[in-house]
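Asks: Starting off with a structure, shown below.
The values are calculated or read from the model by the stated rules, or taken from the named source; none is laboratory data. What you are looking at is a predicted structure, and each value in this text was computed from that prediction instead of being measured. Please note: Cβ atoms are built from the backbone with ideal geometry, for glycine as well, and neighbour counts cover all protein chains shown.
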Amino acid sequence: MVSRRKVVKPGLKLNLIKSIPKEAAKSRFWKRVIEECERSRRNRRVVNLYKLNRLTREGDVVYVPGKVLGTGKIDHPITISAFGFSKTAYEKLLKSGSTILTTAEFAEKYPNGSGVKLIG
């Protein structure tokens, strides 16, 4: 029988907390992101590009607390950050003119999370 204990990627939560400024970490947005980070890898969010294309408009700012996968296409530029991107998703986002930020860059630019869509 396989053990189904909660397994969290070592260091993901710690790295996420270190990359967020202390003042920003108190906001509801970043508390929610940290909460999503605590989920097991099996239960993390997975978002495909076609869903991002459907739920966003040009110029939207998006954070995905999980992994972005490359199924579908995106036909407008957005600003996005996530825990991870597949290779095809990363290439398609760059091709659409989107801006991809690391979590640290995203936290500096949007410390309160106001105006940011949390998709996943």
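Asks: Filter the stretch 1-34 for residues that are among the β-branched types (Val, Ile, Thr) and modelled with pLDDT under 75; which is farthest from Leu101 (Cα to Cα)?
Replies: Checking each candidate, the answer is Val2.
Asks: Filter the stretch 85-96 for residues that are buried (at least 18 other Cβ atoms within 10 Å of the Cβ) and either over 23 Å from Ile20 (Cβ atoms) or over 11 Å from the mean Cα position of the chain (by Cα) (or both) and give the result.
Replies: Passing the criteria: Ala89, Lys92, Leu93.
Asks: Looking for something modelled with pLDDT of 90 or more, hydroxyl-bearing (Ser, Thr, Tyr) and at negative phi - is there at least one such residue anywhere in the stretch 35-51?
Replies: Scanning the stretch 35-51, I find at least one residue that is modelled with pLDDT of 90 or more, hydroxyl-bearing (Ser, Thr, Tyr) and at negative phi, so the answer is yes.
Asks: Have a look at Glu36, Glu108 and point out the one that is crowded, with 17+ Cβ neighbours inside 10 Å, charged (D, E, K, R) and in a helix (DSSP H, G or I).
Replies: Glu36
Asks: Could you list all residues from the stretch 49-85 that are hydrophobic (A, V, I, L, M, F, W, C) and touching a residue at least 60 places away in the same chain (Cβ under 8 Å)?
Replies: Within the stretch 49-85, Leu52, Leu55, Phe83 meet the criteria.
Asks: I'd like the residue in the stretch 70-84 that is part of a strand (DSSP E or B) and surrounded by fewer than 20 Cβ atoms within 10 Å (Cβ to Cβ) and, out of all such residues, is modelled with the lowest pLDDT.
Replies: So the residue we want is Gly84.
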